[in-house]
Amino acid sequence: MLKKRLLALALCCVLAAALCMPAAAEPLAAGRFALPDFDVPCRAAVLIDLSSGTVLYEKEPDTPMPIASITKVMTLLLTFEAIEAGKVSLQDTVPVSDHAYNMGGSQIWLEPGETFTLDEMIKAICVSSANDAAVAVAEFIGGSEPAFAELMNQKAAQLGMTNTAFKNACGLDEAGHLSTARDVAIMSREVLLNHPRITDYTTIWMDTLRGGQTQLLNTNKLLKRYQGVTGLKTGTTSGAGVCISASASRDGLDLLAVVLGAASSNERFDAATALLDYGFANFENVAAPAPENAPASLPVTGGAQETVELRYAAPEKILVQKGESAALAAELELPQTLAAPLAEGQQVGTVTVYSGETALGSWPVTAASAVQPMTMRLGFERLLAALTAH
């Protein structure tokens, strides 16, 4: 019990510190693409490009509603953060409390006092959407499910999930436990980009626990129906309807389709398939063009250094509509010289990528190091050195 309380306190400290820093994933971008006007059979939906966060389709994206077991994406996100911070390990044993044992809905029928490794619990959550396993993990990491729900809400706030409130760790219907299609896309993108190990679990079709006595069958039937699927999480309750956050990768393009409030499992998978099909048929990630004759450094006037190296933030890949890549070009805006003082990271120029006459995006060029102003003493020393050399 003491170990769990210390673990919860440590994780709270980590999250509190993280709240002072920018979110790891940038907010979803509306992008420059015209959103299609087709409909999908569900209450709300979003399709995004994972790499850039660009929204490619949306339907009622900011309407709060129950999200069922897609809630477990946040539970898994906090779990992987704890693992990668060294707070817990996959081989740690996770005890089962009476509270976890009493969870309804999908489960692996945990018994009070029974123990599994964290690795096995994550597998049960990802493959079988086990509510009892999700709550046991929440208690192991947070000390209690209510305390863990607070951590979930802190992380949601950090990520900019402005229309989300978590009340539990597994997604069972509860008053006030709500999110949106956009917010689900934000947290799904965060876990996929920054904790890609999760796909080792979300791509398992069948497995077992308890030495083969308990069969696990993935609730995400797209694994057998759709080429390139990598996850992520399904969910179904009477309040939420039938939902999915579906990720897939093809030919260097990574997409995420969120479907909330479908009327049936078939409609859920049909909607996700339609969204992914649209994305893969119309978009591609291509190599971003580099500006011609981009200098590695620039001369500095009035500085303690005569030159400063430059950093270019332009991406290696850029999202375009298919057939658009031939018209891409990069334009560099950069002065011939810079004046001291300069701060490390100070923007000194811009790279803009165009498709024809249309700007696709701009990225900063920054100083790689600080440059202090020239002092009289340093100037005299340089003059003396030059005279001595001659």
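The alpha-carbon atoms of the stretch 249-390, seen along their principal axes, cover 83, 32, 22 angstrom, with the largest extent given first. Rg and Dmax of the stretch 33-133, both derived from C-alpha coordinates alone, stand at 17.8, 55 Å. Of interest is the spacing of the C-alpha centroids, which for the stretch 286-326 and the stretch 250-274 amounts to 37 Å.
Computed from the Cβ-Cβ distance with R0 of 35 Å, the FRET efficiency linking Trp205 to Ser238 stands at 0.80.
Please figure out what share of the DSSP beta bridges in the chain is antiparallel and state it in percent, rounded to the nearest 5. Among the beta bridges of the chain, antiparallel pairing accounts for roughly 95 percent. Going through (i) 5, 21, 26, 20, 14, 9, 4, 2, 0; (ii) 5, 23, 32, 26, 12, 2, 0, 0; (iii) 5, 24, 35, 27, 8, 1, the figure that equals P(r) over Cα pairs in 10 Å bins from 0, in percent as computed for the structure here is (i).
Only helices enter this figure: runs of n ≥ 4 DSSP H residues, each worth -39500 (n - 2.57), summed and divided by the residues of the chain, yield -10000 deg cm²/dmol at 222 nm to the nearest 500.
Pulled fully out, how much extra length does the chain show between Asp270 and Tyr354, if you take 0.36 nm times their separation in residues and subtract their Cα-Cα distance?
26.7 nm
If you put +1 on each Lys and Arg Cβ and -1 on each Asp and Glu Cβ, how big is the dipole of the chain around its Cα centre, in Debye rounded to 20?
Details: 26 positive and 41 negative charges, 95 e Å.
With only Lys, Arg, Asp and Glu charged at Cβ, the dipole is about 460 debye.
If you take the Cα centroid of the stretch 51-103 and the Cα centroid of the stretch 151-181, the two points sit 10 Å apart. Both numbers refer to the Cα atoms of the stretch 114-273; Rg and Dmax are 15.4, 44 Å. Sorting Ser238, Ser69 by accessible area puts them as Ser238, Ser69; the probe is 1.4 Å, largest comes first, and only protein heavy atoms count. Our estimate of slack between Ala340 and Glu292, defined as 0.36 nm per intervening residue step minus the Cα-Cα distance, is 14.7 nm. Given R0 = 51 Å, the distance between the Cβ atoms of Ala304 and His99 translates into a calculated FRET efficiency of 0.20. Here the relative contact order of the chain, from alpha carbon pairs under 8 Å that lie six or more residues apart, stands at 15 percent.
Relative to the dominant Cα principal axis of the chain, helix 181-194 is inclined by about 70°. For the stretch 300-344, carbon and sulfur atoms together expose 45% of the accessible surface, with a 1.4 angstrom probe and every protein chain in place.
Relative to the longest principal axis of the Cα atoms of the chain, the long axis of helix 118-128 lies at roughly 70 degrees. Enter the angle in degrees (range 0 to 90, nearest 10) between the Cα long axis of helix 72-84 and the first principal axis of the Cα atoms of the chain, meaning the one along which they spread out most. Long axis of 72-84 versus the principal axis of the chain: about 60 degrees.
Straight-line cross-link reach from Lys221 at under 19 Å between alpha-carbon atoms covers these lysines, not counting any fewer than eight positions away in the same chain: Lys72, Lys123, Lys233.
Give the calculated FRET efficiency between Glu331 and Ala29 to the nearest 0.05, with a Förster radius of 30 Å applied to their Cβ-Cβ distance. All intermediate terms of the calculation are to be shown ahead of the outcome.
Details: r = 21 Å, r/R0 = 0.69.
That gives a FRET efficiency of 0.90.
For Arg43, nonlocal amide neighbours, meaning residues 5 or more places apart or on other chains whose placed amide H falls under 5 Å from its own, are Leu260, Gly261, Ala262. Per residue, the chain exposes 45 Å² of accessible surface when a 1.4 Å probe is rolled over the protein heavy atoms with every protein chain present. Ordering Pro341, Val308, Leu319 by Cα displacement along the dipole of the stretch 296-343 toward the positive end leaves Leu319 in first place; charges were set at the Cβ atoms of Lys, Arg (+1) and Asp, Glu (-1).
From the alpha carbon centroid of the stretch 204-226 to that of the stretch 345-360 is 47 Å.
The values are calculated or read from the model by the stated rules, or taken from the named source; none is laboratory data. Bear in mind the structure is a predicted one, so any value in this text is a computation, not a measurement. Reconstructed Cβ throughout: ideal geometry from the backbone, glycine too, with neighbour counts over all protein chains shown. Accessible surface areas use protein heavy atoms only, side chains included; no ligands, DNA or RNA. Shrake-Rupley method; radii C 1.70, N 1.55, O 1.52, S 1.80 Å.
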